[in-house]
1. Those residues that are on the phi > 0 side of the Ramachandran plot and open to solvent by less than 50 Å² (accessible area, probe 1.4 Å), I need them from the stretch B:73-126; list them, please.
2. So, in the stretch B:186-221, exactly how many residues are touching a strand residue (DSSP E or B) at 6+ places or on another chain (Cβ under 9 Å) and hydroxyl-bearing (Ser, Thr, Tyr)?
3. Being at pLDDT 90 or above and closer than 29 Å to A:Pro130 by Cα, is that true of even one residue in the stretch A:67-80?
4. Are there any pairs with C-beta distances below 8 angstrom linking a residue in the stretch B:69-86 that is over 13 Å from B:Tyr126 (Cα atoms) to a residue that is open to solvent by 40 Å² or more (accessible area, probe 1.4 Å) and of a type outside the set (Ser, Thr, Tyr), with the two at least 6 apart or on different chains, and if so which?
5. Return the pair list, or none, for Cβ contacts closer than 9 Å from residues in the stretch B:142-165 that are free of Cβ contacts under 8 Å to residues at least 24 places away in the same chain to residues that are small (Gly, Ala, Ser) and open to solvent by less than 90 Å² (accessible area, probe 1.4 Å), at least 6 apart or on different chains.
6. Go through (1) within 12 Å of another protein chain (Cβ to nearest Cβ); (2) of a type in the set (A, V, I, L, M); (3) open to solvent by 50 Å² or more (accessible area, probe 1.4 Å) one by one and return the number of the condition A:Ile88 breaks.
7. Considering each of A:Ile210, A:Ile191, A:Ile160 in turn, give the residue that is under 20 Å from A:Ser118 (Cα atoms) and open to solvent by less than 30 Å² (accessible area, probe 1.4 Å).
8. Does B:Lys159 satisfy the condition of being open to solvent by less than 80 Å² (accessible area, probe 1.4 Å) and of a type in the set (Lys, Arg)?
Amino acid sequence: MIEFEKVHFSHGHQKIFSNLSFVLERGKYVVISGPARSGKTTLIQLIIGQYEPDGGEIYVIGEAMSEVKSSPRRLREWRRKIGGVGGIYSLLADRTVLENVALSAEIAGYSPHAARKSALEACGKYRLGPVLSHYPSIISEVERRAALLARVEASHKNFIIVDGPTDGLDAKSARFINERLAALRLSGITILYLTTGEGPQSGPDTYLKIRGGALNI
Amino acid sequence: MIRPQRFFSQISRHFRREKRLSVGSFLVLLIILLLVDMFWLASVNISNQYQSVLKTAKVEIYIEDTFADSLLSFFKITLLQFEDVAYVDFTSREEAARILQNEFGPMILEGLEANPLPRSYTMSFYKSKSLADLDMFAHQIINLEGVSSVDFGREWIVKVENIGTGLKRIGLFVGGLILFVVLLTMANTNRLTARTKLQEFTQLKLLGAGPSYLLYPFLMEGFFSAVIAAGTGWLVIIYLLEQVSFTSFSLVVPTNTEIAIYCGVAGLTGMIGGYLGIRRFLRP
């Protein structure tokens, strides 16, 4: 589904990735762990086409990212296939939880009625019923992350990037989020899980560590 | 594509969040468009005044003292044969003296040995004549035997025409300038709004939102702000005109269709301004 082929990337003089190669296959659940500033968020930004590698190539669903980026329409279509939770993905401050959850489906082309219906179903799974009409600033952190996951489910994405979804959460809330991810994995969704910690104990197929601009098992 | 209900919720959300910016830009638009309205009103009325001057134009033909009274009836027939002549009225020396005395008092002709006033004809037309038509007509009349002079208040007509032409030119220039200001105002307001919504824009783009999704609320906001400002401007003008009564002339206000077209043009300008303000934020 996603392949990094000898990717080089630097932020100014700071080298982030050097000769980075890895493959994320369809339907797999991969955890990439690494300390802060190790390049996890940069990895996401390269995948979604926010950044361009200095060298090498990134392939998404069999197509070179440089090709995808050359057409704004194709880049948008690629981004619509991705569900993002945490990191650079967040809720919109001036929309209610329900509106936020329905947003991705709406952008993906669902009718307002279908997007709302799908959002309500997803919110139910994440126990967001009591906060549907609340704004993100007044709900708890776990509810915010649950809302982001619900947004992914409401638009039926088949590729999810989660960036530190359980960071800062208590054990019970973290378990709930990880269980939902495991359930999504079972339904055939590809998951890329980035964390500063160890990641979920059960569910993922592969654990990788990012260090010094390279990925190691 | 964004749906209308989302658009209205976005507009109200934006208004709630950016009250001062929204109210400020609306008031700026209102004041600018009020200026356009006043120029338009002045231009329409001057032009109307000019047309009415031309429509009521009367030509005074003064007869030479040596022209025999017996020829006057033939002379009148000659005048009646000109195109579009509505009537030809004769004014004798005595009648002219009476009119003069009525206007300036019985003493006006006192001390004069004889009545110095000439005989004259007054002509008017069915159709409104242009200045060129009247000039040509006067030229034809003056060449008739027995005519000493022809007068149709040319200097007044020229004055009104010059004011009308000048106002039209100024109106076109100021109108163009003001539409440009509307464009800039909308562009700047939207640019400021877009800056406050940068985080939202980034998120929407990450989710794959296209330019139309991002652009639509701004285009509509630009359109409706300008349309409402233009409409309100006219309501203010019409209200003010109702409070003031003009006794010497009736003020002409543009028709509803003209005002609707004007509001549409203002809306379109606001929409273009909306696009100009936001376009740099549309890159994926």
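The values are calculated or read from the model by the stated rules, or taken from the named source; none is laboratory data. What you see is a predicted model; the values in this text were computed from it and never measured. Positions of Cβ are backbone-derived with ideal geometry, glycine not excepted, and every protein chain shown enters the neighbour counts. To get the accessible areas, we keep the full protein, side chains included, count just its heavy atoms, and leave off ligands, DNA and RNA. Shrake-Rupley method; radii C 1.70, N 1.55, O 1.52, S 1.80 Å.
1. Hits for the stretch B:73-126 are B:Asp84, B:Gly105.
2. 0
3. Looking for residues that are at pLDDT 90 or above and closer than 29 Å to A:Pro130 by Cα, one finds at least one in the stretch A:67-80, hence yes.
4. Pairs that qualify, where the first residue is over 13 Å from B:Tyr126 (Cα atoms) and the partner is open to solvent by 40 Å² or more (accessible area, probe 1.4 Å) and of a type outside the set (Ser, Thr, Tyr), are B:Leu72/B:Phe90; B:Phe75/B:Leu144; B:Lys76/B:Phe90; B:Thr78/B:Leu144.
5. If the second residue must be small (Gly, Ala, Ser) and open to solvent by less than 90 Å² (accessible area, probe 1.4 Å), the pairs left are B:Ile142/B:Ser148; B:Ile142/B:Ser149; B:Arg154/B:Ala138.
6. Single failed check for A:Ile88: (3).
7. Step by step, each of A:Ile210, A:Ile191, A:Ile160 is checked, and only A:Ile160 is under 20 Å from A:Ser118 (Cα atoms) and open to solvent by less than 30 Å² (accessible area, probe 1.4 Å).
8. no
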